[in-house]
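J.: Supplied in structure tokens, the structure appears directly below.
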Ligand code: BES
Ligand code: ZN
Ligand code: ZN
């Protein structure tokens with residue numbers, strides 16, 4: 001279903017949603033306010049249900065002076081909590097008290113709160129035609145708003161859906177088929193290098209991870225071309241390890257199932273492509289997803305192996321569990337060498353180190369460009385998909401110099417691995433002057449409302465879309 005928005009019409013209203021900030025509630029003049037007499041004060045996430053003559057009226061509190069992402073979070077929590085109560089009837093969304101950004105946040109939140117995994121039909125209301133009536137917004141602005149909200153939410157839903165899938169539902173043929181579908185739907189150019197082609201091209205670092213896999217390699221390039229002349233081009237690389245066993249440097253079995261989430265960089269990129277294409281954003285996007293799993297097998301790469309990456313640098317493999325930086329190394333250099341991009345960003349569930357540092361609060365990011373840093377942090381703060389900057393000082397390079405190759409794939413020291421990994425990746429960007437690396441291991445997959453265990457958060461889609469809008 002898609003949420004649909006209408007203006008003032010003669011529909012019979014069966015249901016009303018009224019959101020109030022503490023401030024707007026104080027100023028509310030409607031007669032029900034008197035009757036409530038302190039029963040509702042518009043605290044954050046407070047709800048009160050009024051039965052009116054022909055409709056059920058939900059009052060929802062947003063707290064005092066909420067930021068846009070807080071407005072969105074309240075709306076999201078509301079639809080999720082009331083998913084079994086709200087009805088598929090024409091619903092009035094009282095929007096008079098809000099500016100257009102706040103209205104966008106409300107509608108986005110209402111829609112995002114309908115996500116469930118696996119699909120159980122728990123939101124019957126949202127699986128039929130659900131229409132919200134907003135009397136304060138012009139028809140033209142409504143069209144625009146509906147388009148944008150649906151685009152971003154559909155992008156985020158796709159991101160979450162693929163990250164949540166179990167390993168045996170997201171093997172290479174499944175994800176390739178899905179990428180074929182969206183390429184067709186959004187007119188993206190799709191190119192895939194299988195094992196043979198990757199060998200011919202010299203994508204040795206990517207292939208070292210794939211060589212132990214029973215699945216065909218799929219180094220995938222997706223290109224979205226806007227129809228605007230002189231549009232800027234952004235390069236995106238998403239870590240796409242379909243499952244990370246650790247390889248021969250095998251992981252422990254506790255929580256191993258969560259390593260189905262090691263494609264969180266890729267799903268953020270896929271969601272962003274979908275949203276950008278739906279919104280017809282005036283930018284070009286070149287996205288690279290080096291798709292493989294990191295398997296344990298008798299053909300897997302082995303600690304001590306020395307491999308040659310796409311940029312001809314050699315890497316000594318000392319830990320097969322540091323596989324993300326191998327696949328990203330070739331993703332980054334292939335993109336930087338073969339495409340002209342104004343900015344290059346990679347996203348990856350790269351290190352446990354970043355999780356230990358920031359937990360679930362923010363991604364760790366690294367960049368060689370100050371204005372890019374500003375833009376990214378601004379988008380992070382705006383969307384509450386936060387980022388915090390860490391250094392790329394040259395001294396960190398010493399930690400991964402190798403005796404037998406240009407680099408080794410892990411540090412000789414037991415600390416700072418997310419910085420080491422970022423510094424490692426910098427060796428493969430072909431001196432691109434405007435690059436950022438986002439380590440999102442802690443934020444892509446975590447505590448979510450719709451699951452008892454961990455689930456996909458959708459991290460990255462709103463962040464990147466906001467970034468692209470400002471870029
Ligand atoms: N996919 C993991 C990183 C990860 C950890 C993601 C926790 C999500 C949650 C990555 O491939 C990995 O295994 N990294 C190792 C690197 C180490 C061997 C240098 C790590 O962080 O332990
Ligand atoms: Zn790993
Ligand atoms: Zn990994």
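One line per residue, one yes/no per condition, for (1) farther than 24 Å from residue 254 by Cβ; (2) out of contact with any strand residue (DSSP E or B) (no Cβ under 6 Å at 6 or more places or on another chain):
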{"position": "426", "(1), (2)": "yes, yes"}
{"position": "429", "(1), (2)": "yes, no"}
{"position": "432", "(1), (2)": "yes, no"}
{"position": "441", "(1), (2)": "no, yes"}
{"position": "450", "(1), (2)": "no, yes"}
{"position": "454", "(1), (2)": "no, no"}
{"position": "463", "(1), (2)": "yes, yes"}
{"position": "469", "(1), (2)": "yes, yes"}
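J.: Going by the structure shown, is residue 380 in the same structural domain as residue 295 (by TED's automatic domain parsing) and within 16 Å of ligand 1 (Cβ to nearest atom)? Lay out the reasoning, then the answer.
T.: Values: in the same structural domain as residue 295 (by TED's automatic domain parsing): yes; within 16 Å of ligand 1 (Cβ to nearest atom): no.
Considered against the rule, which asks whether it is in the same structural domain as residue 295 (by TED's automatic domain parsing) and within 16 Å of ligand 1 (Cβ to nearest atom), residue 380 comes out as no.
J.: Follow-up question, since we're still on this one. Of all the residues that make up the stretch 23-63, how many are part of a strand (DSSP E or B) and exposed (fewer than 14 other Cβ atoms within 10 Å of the Cβ)?
T.: Final tally of qualifying residues: 2.
J.: Among strands (runs of 3 or more DSSP E) lying entirely in the stretch 347-446, which contain 3 or more residues that are within 27 Å of residue 243 (Cα to Cα)?
T.: Correct list: 363-367, 435-439.
J.: Is there a residue in the stretch 348-364 that is more than 18 Å from residue 234 (Cα to Cα), more than 16 Å from ligand 2 (Cβ to nearest atom) and free of Cβ contacts under 8 Å to residues at least 40 places away in the same chain?
T.: No, because not a single residue in the stretch 348-364 is more than 18 Å from residue 234 (Cα to Cα), more than 16 Å from ligand 2 (Cβ to nearest atom) and free of Cβ contacts under 8 Å to residues at least 40 places away in the same chain.
J.: For the stretch 394-444, give me each residue that is surrounded by fewer than 16 Cβ atoms within 10 Å (Cβ to Cβ) and under 24 Å from residue 335 (Cα atoms).
T.: Within the stretch 394-444, 394, 397, 431, 433 qualify.
J.: A further question follows. Out of (1) within 16 Å of ligand 2 (Cβ to nearest atom); (2) under 30 Å from residue 452 (Cα atoms), the odd one out for residue 275 is which?
T.: Failed condition: (1).
J.: If you go through the stretch 423-436 one residue at a time, do you hit one that is within 16 Å of ligand 2 (Cβ to nearest atom), farther than 20 Å from residue 109 by Cβ and in contact (Cβ under 8 Å) with a residue 12 or more places away in the chain?
T.: At the first step, the residues of the stretch 423-436 found to be within 16 Å of ligand 2 (Cβ to nearest atom) are 424-425.
If we keep only those that are farther than 20 Å from residue 109 by Cβ as well, we get 424-425.
Keeping just the survivors that are in contact (Cβ under 8 Å) with a residue 12 or more places away in the chain gives 424-425.
Scanning the stretch 423-436, I find at least one residue that is within 16 Å of ligand 2 (Cβ to nearest atom), farther than 20 Å from residue 109 by Cβ and in contact (Cβ under 8 Å) with a residue 12 or more places away in the chain, so the answer is yes.
J.: Go through 254, 316 for me and flag whichever is more than 17 Å from the chain's Cα centre (by Cα), surrounded by fewer than 24 Cβ atoms within 10 Å (Cβ to Cβ) and within 16 Å of ligand 2 (Cβ to nearest atom).
T.: Sole residue among the options that is more than 17 Å from the chain's Cα centre (by Cα), surrounded by fewer than 24 Cβ atoms within 10 Å (Cβ to Cβ) and within 16 Å of ligand 2 (Cβ to nearest atom): 254.
J.: Could you name every one of the helices (runs of 4 or more DSSP H) located completely within the stretch 134-250 that has at least 1 residues being free of Cβ contacts under 8 Å to residues at least 12 places away in the same chain, within 16 Å of ligand 2 (Cβ to nearest atom) and more than 26 Å from the chain's Cα centre (by Cα)?
T.: none
The values are calculated or read from the model by the stated rules, or taken from the named source; none is laboratory data. Note that the structure is predicted; figures quoted are calculated from it, not measured. For neighbour counting, all protein chains shown are included, and Cβ atoms are generated from backbone atoms with ideal geometry for every residue, glycine included.
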